[in-house]
Amino acid sequence: MYKSLLYPVASACRRLLPLDGMWKFKFDKKSEGNKEGWNTGLSDYDLVPVPSSFADLFTDKDSREFCGDFWYETEFVAPSEWKDRELVVRFGSVTHRATVYINGEEVTSHVGGFLPFNADITGKVKFDEMNKLVVKANNELSEKMIPCGKTSVRSDGTKYAQAYFDFFNYSGIHRSVKLMALPKLSITDYETTYEIKDDRSAIVNYNVCVEDFASDNSANYEVKVCLKDKEGNVVASSDGEKGKLKVENANLWNVRAAYLYTIVIDLVDKEGNKIDEYVDKIGIRTFEIKDGHFLLNGKPVYLRGFGKHEDSDIRGRGLDLATIKRDYECMKWIGSNCFRTSHYPYAEEMYRMADEEGFLIIDETPAVGMFESLMNAVDAASGSKAVVHWFEKETTPELLEHHKECIKDMIKRDKNHPSVIAWSLLNEPETIYECAVPYFEAVFECARQEDPQKRPRTFALVINSTPDNCKCWHLCDFVSLNRYYGWYVMGGYNIVSAEQAFRAEMDKWAKIRGDKPFIFTEYGADTSGELHKLPSVMWSQEYQDEYYDMNHSVFDSYPWVQGELVWNFADFQTGEGIIRMNGNKKGIFTRNRQPKSAAYVLKHRWEELPLDYKK
Ligand code: CKX
């Protein structure tokens, strides 16, 4: 079983066949697909693009809101030159569940909508002939997996998704699908850690994993690793699965000043012939927390930027390289240096761009929606149900196992990106009861174990996780606050009281925080891209500006606030509801990536703040 999560690249020994394009597609309204043999091929289908969400492609509500199983099919030809290779179909992500069939036969299934998985189809392919690849996907939400929610049923029997989170439950084959033809003896993973010396040299410690899928030639190979600079000159090399590469006069990877080396990993036989080759880019840098500061290569960095979403018109959450490019251009224009992948790991192309552009990423798991107290409060008040705290539910053990699997896969996938500086393990969970603590300890420990670079860990604290009652913040290496003083808490004319309440909370954190740096992972105000009003009212662009000015004056009063990530980079789609007018409008940019007036407030501030602000 091929488990590698290495980014798929072609090389001297690896072949790739991209399978993106128009695929056959069918909603399985009656859950009859398997009984009717849809795994062998779809009749009576629509054509849809892969990758994309399906929701906004159609013009009717039932398609947009569809909840249940939905099927995809495509065809491909594998050339007979690939007969001796390991053949793997690599899915960047399918939201939220997938079962894969090749020529009618089930090969794998996967749960979790935001990370890659493989279908090993070796031995099941007809060479030089058409092969049928079918995927049964499912987008039902549950409390046993992340993101959390439930699947409800309308009075007419139709299922619908009830998300416990504030973004549309976009679903589909969201990222690229690639057929990989790999050597039987393959590089399946590698990891690096860095030491930077006073004499400007650096040590790259590496560790390579090799697997033998033919299980007959394991002993007959050697691993050779070399590092090339931007000009293609070899600057260091070493032999063996584990080793050290010493780079003299190392060019360090830095914020908005990235330098990437190419790492070439070769497997060679006794005669020196290449068996496998994997090529990637790495950045030499260290990242740590010391004396309450974030240190990149030993120097303090003040974080500024955004919480984002993968969200764009028509494609929904589907990979869109043009949107990725535009987002980076907007993030550079405004003077930001960091973003959080709220609320799930993003497409790999986003991280590869961050590596190139020198952006810092707080990489977040899909653990969002772990908070049901509001609903419980209503139930308890009506006497219909006893209050059950989130982490005491009978679903918790299964949820924890799935959550840990997601953490492991996220770190396995993203650990070599210089841009990734920290792991955010949950967003806005319920933290005010003791029953949360063992769950948090388990996920924090899991991240520590999995990451060779031991990056700092955090989670985003919801409004009601306060210094008085939060039971879990102490587990964070740095504390991330989602705060809405002046929006959800005392908004509009009462912003004056909001500021006072905000400062009162900060004064309490100041007393207990020890040496931990704090950042804001969310602060924002819904704002119409069209509304101007003098004097301001909530929802106007003028109010968004005032809201940010107030929040920044609070941040500036506390030296231990070491970063500010606005909510949100752009307006994004949510489910329908009385507090959302066709989506969340807290964007600094519209959904179409045009600036609201607050973009200029932030640009002015962020371009002025030194990189080591509050050092
Ligand atoms: N935080 C009071 C999670 C995000 C939401 C954001 C909002 C909330 C605020 C919680 O996913 O979009 O309401 O704007």
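The values are calculated or read from the model by the stated rules, or taken from the named source; none is laboratory data. All of these numbers come straight from a predicted model, not from anything done at the bench. Here the Cβ is made from the backbone with ideal geometry for all residues, glycine too, and neighbour counts use every protein chain on show. Note: areas computed on protein heavy atoms with side chains; ligands, DNA, RNA excluded. Shrake-Rupley method; radii C 1.70, N 1.55, O 1.52, S 1.80 Å.
Structural remarks
- You will find that of Gln453, Gln449, the residue that is open to solvent by 50 Å² or more (accessible area, probe 1.4 Å), outside the structural domain of Phe165 (by TED's automatic domain parsing) and away from the ligand (no atom under 16 Å from the Cβ) is Gln449 and no other.
- Test: residue in segment 139-160 that is outside any strand (DSSP E or B) and on the phi > 0 side of the Ramachandran plot: yes
- When Asp556 is tested against the conditions (1) assigned to a helix (DSSP H, G or I); (2) in contact with a strand residue (DSSP E or B) (Cβ under 6 Å, 6 or more places away or on another chain), the lone failure is (2).
- Residue list for segment 339-361, restricted to those being away from the ligand (no atom under 16 Å from the Cβ), in a loop (DSSP other than H, G, I, E, B) and not aromatic (Phe, Trp, Tyr): Ala347, Gly358
- All strands (runs of 3 or more DSSP E) inside segment 170-244 with 1 or more residues being open to solvent by less than 60 Å² (accessible area, probe 1.4 Å) and free of Cβ contacts under 8 Å to residues at least 60 places away in the same chain: 202-212, 222-228, 234-239
- Residue list for segment 458-485, restricted to those being away from the ligand (no atom under 15 Å from the Cβ), in contact with a Gly (Cβ under 9 Å, 6 or more places away or on another chain) and aromatic (Phe, Trp, Tyr): Phe478
- Segment 94-110, residues that are outside any strand (DSSP E or B) and within 22 Å of Ser52 (Cβ to Cβ): His96
- Residue within segment 464-475 that is part of a strand (DSSP E or B) and polar (S, T, N, Q) present: no
- Test: residue in segment 584-591 that is open to solvent by 40 Å² or more (accessible area, probe 1.4 Å) and out of contact with any strand residue (DSSP E or B) (no Cβ under 8 Å at 6 or more places or on another chain): no
- Hey, Val437 assigned to a helix (DSSP H, G or I), in the same structural domain as Arg513 (by TED's automatic domain parsing), more than 16 Å from the ligand (Cβ to nearest atom) and open to solvent by less than 50 Å² (accessible area, probe 1.4 Å) or not: yes
- Sole exception among (1) surrounded by fewer than 23 Cβ atoms within 10 Å (Cβ to Cβ); (2) within 25 Å of Val368 (Cβ to Cβ); (3) not charged (D, E, K, R) for Asn139, by number: (1)
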